[in-house]
Structures are given as C-alpha cells and as structure tokens.
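Everything below concerns the one structure shown next.
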Amino acid sequence: MSEDRSRAPEDVPDAGQAAAAPPVDTPEPTRLMALASRTAVFVTWVALVLVVVALPLAMRSMASTLFREQASTLYDLVAGGEVPPVVSSPPESDQTYLNIAIVDLDAMAGEVKLAVSGNRHCEIPCYSATMTFLALDDSPAQRRGLPPWASISLGPEDRVFSQAVTLPVRGRPDRFPFDTYDLWLGIGVDITRPDGTSVALNRLVEQAPLVITLQSQLTELLMAPPQAIDPARTAVPTDPYALARVDALSFQRPDYLQILAVLLVVLIAISGGLALWRRAVDDLLLGFGGLILGVWGIRAVLTNQPLPGITAIDVALCFVILFLLLGLAVKTLWYLHHRPPVR
C-alpha cells in the first residue's frame, strides 16, 4: 500500500507538463477541405449578387421588348427623327412617298430583306424614275465597281408600287448573343422627264421630291435609330451616278438575351462545380453524362434559331464542360492516390 501511494503522484502530470505538450497538427486534407468550403461560399455569394444586380435589368429589357412594338416606330430619313403618330400636313404636288420596311435578316446567309413600297402624288404625268438601293461600306477606296445593289423602275403610269429588295449585311453571327449587324443603305434616284432629260441631283435634293420613311419589323433583333452619312464618304470617281442619301443601320440582340446568357453560363458552371466537389467519385462516374447534357442544354434554351458555325455560347459551354471533365479527372486521381491498398 505504501509503495502504491508513493508512485501515484509520479503517474499524474502536473500543469506545467500539460501546458508544454506539443500542439496537434491539422491534417493537410482537412485544410484543403476548409479552403475549398470558403471558396465555394465566396463564389456562391458573388453569383447571388450578380443575379440580384443583373436580373432587374434583364426584366426591364424583356418588358420593353415584349410590350413596345418596334414595327410601330417610323423614322423619317429626310427630315430626321421619328414620325409623329398623327401627320396633318397635306400631300404636296409632284411628291413621292417611299417606305422601307426591314422584314427579315438572315444571319446564316448574311442578307437582309427590304419591303419597298410607296405611292406618287402628281398633278401632271409623273416622271419616269429609277430608285437604286446599295449596300455600302466604309472603305470606298478599296472597292472597284458598284457594291451589291437592287433597283426599282417606275414608269409615268406607276402611281403605286411595292417590291422586295435583298441586300447583303455585315455581321458576326458567331458572337451570338453579342452579335451585331450593320448595313449602310445607299439610295440613288434617277428621274427622267417626259422629254428625256434627267433631273440633276442637286436640284433633286433641294426640291426634296422624296419622303422616305424606314421601319424595322424584326422580332429577334433591335434596330438603332438610323444615322445619316455624307454620301461623299462612300463615293468613288468610277461610280456611274451620285447617291441621294446614305444611312447607317445597326441591329443587335435585346439586352435581356445577353444578360440571361451570361447568368445561365455562370450559374450552370457554379452548380456543376459544386456537384463535382460534393458528390462522391462513384456517383460522379455514374451520373456525369447527365451533368454534361444539362450543361449543353443551356444552348437549346438560348438559341432557338439556326446559327452558322460555333458561337460564343458554344465556346463558353465547351470551357465549362472542359472544366468539369478536368475536375473529375483530378478528383478521381486524388481518390485513387489516397485509397487504401487492396489486399
């Protein structure tokens, strides 16, 4: 009994020994998991803030596109600005009223279709007239000959006319939904009197016998207000005639489509990354094909029309899929490396 009592104090460490005990190191995988958790929380918060900021902008753009009829906006190319809803001015004598409606834009073919219609108000027999529509560009010094064009001929008896005109349009459909299309529309007018003489262009412009209006009837592209361009900027000495006027037309996708494209790609990338991080390797190997199909399904949501080649959406989704496949390979390699050996 005396020996047990004498040894008992030696077996119990004092407070100094307990304080001097070395700290326990945190395993490296635990540190990596904690860092990954903090990174995932930060990325999720950033995505939520992005959605909260961008979604109202997308909703406002969507409401403006759905409830504001673009076809009802009529631009006066001669006087400038929009045509008011009510026009009270009486028709003038020897006046030609020309309306150009943009009815179709084929991104794959690179063409725009114009519906040209109008009427002429003449107190005397109308003059013979030829109206030419050209697709111009900003590099006249490089071209030789006339650019693509189409013409409409009117005889003295033609008081009412309507005809479709197709012209090429410049654009980059591979940048969808950030693609834009431009057309410099040149209008040339050649008027011939009954005696065979032509009306000079300067007199034609001064008297303003033409009232030209323009409207867009496109549903998937928005047209900016036309901008007048000096015809001398696009003319070359070899042109057979001068142009009465040139207007720059620009078309782009609605803002809500661009915002939704960015949000969907970012959110599907984050959700795929979280699924890759949280799910076990066996579950990922079984269901990874469905995850890839879900990512690629975003393309069907955004592109409801055929587009040529590979677009910006395709490239972004391919990078997301590549990121997920690379993450799966790294996680599988990590799993096999730390797996206990099979005996």
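Values as computed for the structure displayed
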quantity	calculated
Filtered residues of the range 127-139 (kept if small (G, A, S) and either free of Cβ contacts under 8 Å to residues at least 12 places away in the same chain or more than 14 Å from R170 (Cβ to Cβ) (or both))	S128, A129, S139
Search result, residues across the range 140-163 that are at negative phi and touching a residue at least 60 places away in the same chain (Cβ under 8 Å)	P140, A141, R143, R144, L146
Within the range 133-147, tally of residues that are under 28 Å from R193 (Cα atoms) and at pLDDT 90 or above	3
Selected residue (criterion: surrounded by the most Cβ atoms within 10 Å (Cβ to Cβ)) from residues of the range 110-141 that are acidic (D, E) and assigned to a loop (DSSP other than H, G, I, E, B)	D137
Residue in the range 87-109 that is modelled with pLDDT of 80 or more, loosely packed, with under 15 Cβ neighbours inside 10 Å and either of a type in the set (G, A, S) or in a helix (DSSP H, G or I) (or both) present	yes
Meets criteria (modelled with pLDDT under 90, β-branched (V, I, T) and more than 22 Å from F178 (Cα to Cα)) for V46	yes
Residue in the range 184-191 that is in the same structural domain as L243 (by TED's automatic domain parsing), of a type in the set (A, V, I, L, M), within 32 Å of the chain's Cα centre (by Cα) and surrounded by 19 or more Cβ atoms within 10 Å (Cβ to Cβ) present	yes
Filtered residue count, the range 207-217, keeping only those that are surrounded by fewer than 18 Cβ atoms within 10 Å (Cβ to Cβ) and either in contact (Cβ under 8 Å) with a residue 12 or more places away in the chain or not assigned by TED's automatic domain parsing to the domain that holds A101 (or both)	2
Qualifying residues in the range 247-304 (those that are basic (K, R) and under 27 Å from the mean Cα position of the chain (by Cα)) - the one farthest from P226 (Cα to Cα)	R299
The range 240-289 - residue that is out of contact with any helix residue (DSSP H, G or I) (no Cβ under 6 Å at 6 or more places or on another chain) and acidic (D, E) and, of those, surrounded by the most Cβ atoms within 10 Å (Cβ to Cβ)	D247
Test result for D239, in a loop (DSSP other than H, G, I, E, B) and in the same structural domain as E82 (by TED's automatic domain parsing)	yes
Residue match in the range 226-239 (condition: surrounded by 18 or more Cβ atoms within 10 Å (Cβ to Cβ), in contact with an Asp or Glu (Cβ under 9 Å, 6 or more places away or on another chain) and at pLDDT 90 or above)	yes
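The rows are residues; the columns are (1) modelled with pLDDT of 80 or more; (2) assigned to a strand (DSSP E or B).
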residue: V246; (1), (2): yes, yes
residue: L257; (1), (2): yes, no
residue: L263; (1), (2): yes, no
residue: G290; (1), (2): yes, no
residue: Q305; (1), (2): no, no
residue: P308; (1), (2): no, no
residue: V320; (1), (2): yes, no
residue: L324; (1), (2): yes, no
residue: K331; (1), (2): yes, no
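The values are calculated or read from the model by the stated rules, or taken from the named source; none is laboratory data. What you see is a predicted model, and the numbers here were worked out from it, not measured in a lab. Quick reminder, even Gly has a Cβ in these numbers, built from the backbone with ideal geometry, and neighbours come from all protein chains shown.
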